[in-house]
Structures are given as C-alpha cells and as structure tokens.
Amino acid sequence: MSRLTTTFKAIACIGVLGLSGWGAYEVLRPSYEGSAGITYGAAYAPDRDRDVDFHIWYPATSGGKAIIVGGNGVFHGTPAGRRAPHQQGQFPLVVMSHGAGGNAGQFGWIASELAQAGFVVVLPNHPGTTTGNASAEAAVRVWERPKDITAVLDEITASAAAYPFIDTGRISMLGFSAGGYTAMALSGARVEPDRLQGFCDETDHGMSDCAFLAHFGVDLHAMDLSPAAQDLRDPRISNAVIVDPGIVSTLTDESLAAIDIPVLMINLGDEDKVPAGVYARPAAEQIAQATYRIVPDATHFSFLARCKPAGARILENEGELDPLCDDAGGQSRLDIHTTLVGQITQYLQAAVAQ
C-alpha cells in the first residue's frame, strides 16, 4: 500500500471519528428550558446576486437544544434554544440591522429579550460589512444594506408557509450605527451624495470611520456615490427604532420631513459627548412622528455584546482601533443593555398595538 493511500485512509478515519465525536456532542447537548428559540434562514438578494443569511429568534417553549449564540473570546454569547418549539400564534416581526463590521450573533442580548416579550426578530448578516466579510469600499456602498433587508422581507412574506409564526402585517425595524442608517433609509431617509463624498473632508466627526477609510486607501471623491440618493423606503415597515445612526448628517432635510411612520431615535452617552457622526437630535426634530431619547453614561459601542475580562486585551493585540469594550464608566454594559431593552421593548409593543 502506498504512503499516499495510507495517508488518505488515515485522514478519512480521523474525519469519521471527528464527525462521530461531533454527533455525540450534539446528542448529549442538554435540552433547552427557556422561551427564546433560534433558527436560521437565507434570502436571495438580487442586487448582490447572492444569498443573505439571517438569524431568526422567536417565542419558544421548552425543547430543542441549548446553545450559546454569538460568544467568542471577546464577547459573551446568549443562551437560546436551537429549533425549540414555537409558541402558538403569530407574532409581530422586528428586523434588526447590525453595525459595520458587526454580525447578527452580537445582538442576542436584545433579540432574546424581544423574543421573550412576544416578537420574532430577524437579524441578517450584511455581506461586505459583517465580521469576517468586510471591506472599506463595501462600507461606503451604504445603499446595499437596506436592499438586504428588503430581500429578507421579500423572502419571508412570499413564504408564509415556512414562517407561519410571523405576523407580516406588523413589521418594525431596529438598527444600530450603520444599521441605524439602514433603518432610516428603509423609513424613507435619503442620502445627499455630495455630502457623503465630502464626509471626511474637514472632520472625522468624532468617529474612526474616516481613519478606517484612509487606512485602506478609499477616496470618497473617487467613488460613484450617486446610488446613495435612491429611495430605499420599504412600505411594509410600520415603525422604527434607530440607535446612534451612522452618516446621519448626510441625509436630506426633505426626506427626513417626509418620513411618515413613528420613529424612536436614541443616542448613547451624555448629549454633549455623543460623537457628531451619530448625533441624531437634529434629524429627529425634522421627523413628524419621532421621539428622541438619550441613554446617559454610555458610549457608542455600549450597544455591542458584553465583553469578557480578556476581551479588551485581545482586541488590542489584534490591532482593533476602536475601544469596543469601553463604556463611560458610571454604569456597566449590562445596566445599559437593561435600559435599552426596556425602552425599545416598550416602544415596539406600543407601536404594534396601534
């Protein structure tokens, strides 16, 4: 027998043993005893000519397998029941958009709470601006993200038999940072391309975005940003919650004034310390049905999952430019999350009840 054949057989045996071990691990994984289930889906996005994958959190009963969603060496994950039985009935839908460089798994801290409060939460991973699949140029093509959400809604509304637990007549939008812009665009806000091209000309807006673009040699003036002006509103969305929205200063006054759905806009941190790049009060004042709130003693990154003790050091060693694990210091990230969960849940419950 040749050495090559022997090697292939050894590799095959290792693979079988590995799969057997994984299968045993899955069988021995404990049953879930909570009320927040999770499953996964995908939607074809025509503008990307590829699928966009998404997480689905939903009100569940005990059963399925107990898993941790989104945990790694830096961030804590969230317990969930994979394919746990659905609670009976149909539930309003919240579509959630993560920030640039983030991912769906980071938001279990609020998706789980919303599921337990009676919502189905769908969280797409935006290609090009998701952890492990991100680039500076993709981050500038902001118009792609709202189209991801529309593609996901197309999939869900066209496949009622696959999603019988979702009430597609009650759809809310929730977004953080770049996801906040995404939520605003889907609500009817439109970008002025000239403002976007000049975004980094005179200031960094108190954020690292412009340094990030410069580091990768992206010149906004060399890009065709005209598609950012298009109308990306999705009329199926009946209300929105927007937290620290990115590029909010590039949105046109006319489009903000034309938004005709209820909107909750939240800034994280004392108002005089909110970075200019995400400061939302001026935009909120132009939206007829907007409510503006501040969550004091927080930072822009307080919406991320809670960090583990070694998280900040790991990020520093990896060359991360932003202090993703830092909060303002007066209250813990858990406390900030508790406040956000309370405000957002209360707002969404009132909105879908109307």
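The values are calculated or read from the model by the stated rules, or taken from the named source; none is laboratory data. Predicted model only: the values in this text are computed from it and were never measured. Don't worry about glycine lacking a Cβ; one is built from the backbone with ideal geometry, like all the others, and counts go over all protein chains shown. Heads up: the accessible areas ignore ligands, DNA and RNA and are worked out on the full protein's heavy atoms, side chains in. Shrake-Rupley method; radii C 1.70, N 1.55, O 1.52, S 1.80 Å.
So for the range 134-146 (the condition being basic (Lys, Arg), outside any strand (DSSP E or B) and within 19 Å of residue 210 (Cα to Cα)), does at least one residue qualify? Scanning the range 134-146, I find at least one residue that is basic (Lys, Arg), outside any strand (DSSP E or B) and within 19 Å of residue 210 (Cα to Cα), so the answer is yes.
Take the range 194-217 and flag every residue that is under 24 Å from the mean Cα position of the chain (by Cα), open to solvent by less than 40 Å² (accessible area, probe 1.4 Å) and not hydroxyl-bearing (Ser, Thr, Tyr).
Across the range 194-217, the qualifying residues are 196, 199, 205, 207, 210, 213.
If you check 232, 315, which single one turns out to be in contact (Cβ under 8 Å) with a residue 60 or more places away in the chain, touching a Leu at 6+ places or on another chain (Cβ under 8 Å), open to solvent by 10 Å² or more (accessible area, probe 1.4 Å) and in a loop (DSSP other than H, G, I, E, B)? Walk me through it before giving the result.
Working: 315 fails: in a loop (DSSP other than H, G, I, E, B).
Of 232, 315, the one residue that is in contact (Cβ under 8 Å) with a residue 60 or more places away in the chain, touching a Leu at 6+ places or on another chain (Cβ under 8 Å), open to solvent by 10 Å² or more (accessible area, probe 1.4 Å) and in a loop (DSSP other than H, G, I, E, B) is 232.
Restricting attention to the range 164-178, does a residue exist that is open to solvent by 20 Å² or more (accessible area, probe 1.4 Å) and among the β-branched types (Val, Ile, Thr)? Within the range 164-178, one or more residues are open to solvent by 20 Å² or more (accessible area, probe 1.4 Å) and among the β-branched types (Val, Ile, Thr).
Of all residues in the range 122-149, those that are in contact with a Ser or Thr (Cβ under 9 Å, 6 or more places away or on another chain), surrounded by fewer than 24 Cβ atoms within 10 Å (Cβ to Cβ) and among the hydroxyl-bearing types (Ser, Thr, Tyr) total 1. Is one or more of the residues making up the range 157-164 touching a residue at least 24 places away in the same chain (Cβ under 8 Å) and in contact with a Ser or Thr (Cβ under 8 Å, 6 or more places away or on another chain)? Yes: one or more hits. Looking across 227, 282, one residue alone is modelled with pLDDT of 95 or more and either assigned to a loop (DSSP other than H, G, I, E, B) or under 27 Å from residue 328 (Cβ atoms) (or both). It is 282. Residue selection: residue 276 satisfies the criterion of being surrounded by fewer than 20 Cβ atoms within 10 Å (Cβ to Cβ) and out of contact with any Lys or Arg (no Cβ under 9 Å at 6 or more places or on another chain). Total residues in the range 318-354 satisfying the condition of being outside any loop (DSSP other than H, G, I, E, B) and either at pLDDT 95 or above or under 17 Å from residue 109 (Cβ atoms) (or both): the figure is 19. Restricting attention to the range 99-121, the residues that are over 9 Å from the mean Cα position of the chain (by Cα) and in a strand (DSSP E or B) add up to 2.
Close contacts from the range 326-348, counting a first residue that is open to solvent by 20 Å² or more (accessible area, probe 1.4 Å) and a second that is among the basic types (Lys, Arg), with Cβ to Cβ under 7 Å and a gap of 6+ residues or different chains, come to 327/333; 334/306; 343/293. Taking (1) of a type outside the set (Val, Ile, Thr); (2) under 20 Å from the mean Cα position of the chain (by Cα); (3) surrounded by fewer than 19 Cβ atoms within 10 Å (Cβ to Cβ) in turn, residue 226 satisfies each apart from (2).
Could you say whether any residue in the range 259-269 is open to solvent by 40 Å² or more (accessible area, probe 1.4 Å) and free of Cβ contacts under 8 Å to residues at least 40 places away in the same chain? Looking through the range 259-269, none of the residues is open to solvent by 40 Å² or more (accessible area, probe 1.4 Å) and free of Cβ contacts under 8 Å to residues at least 40 places away in the same chain. Output the residues belonging to the range 73-101 that are of a type in the set (Gly, Ala, Ser) and either closer than 21 Å to residue 352 by Cα or open to solvent by 10 Å² or more (accessible area, probe 1.4 Å) (or both). Within the range 73-101, 73, 77, 89, 97, 100, 101 qualify.
Looking across the range 290-312 at every residue that is surrounded by 15 or more Cβ atoms within 10 Å (Cβ to Cβ) and of a type in the set (S, T, N, Q), the one that is nearest to the chain's Cα centre (by Cα) is identified as 302. Can you tell me how many residues within the range 120-148 are among the hydrophobic types (A, V, I, L, M, F, W, C) and more than 26 Å from residue 72 (Cα to Cα)? Total satisfying the criteria: 3.
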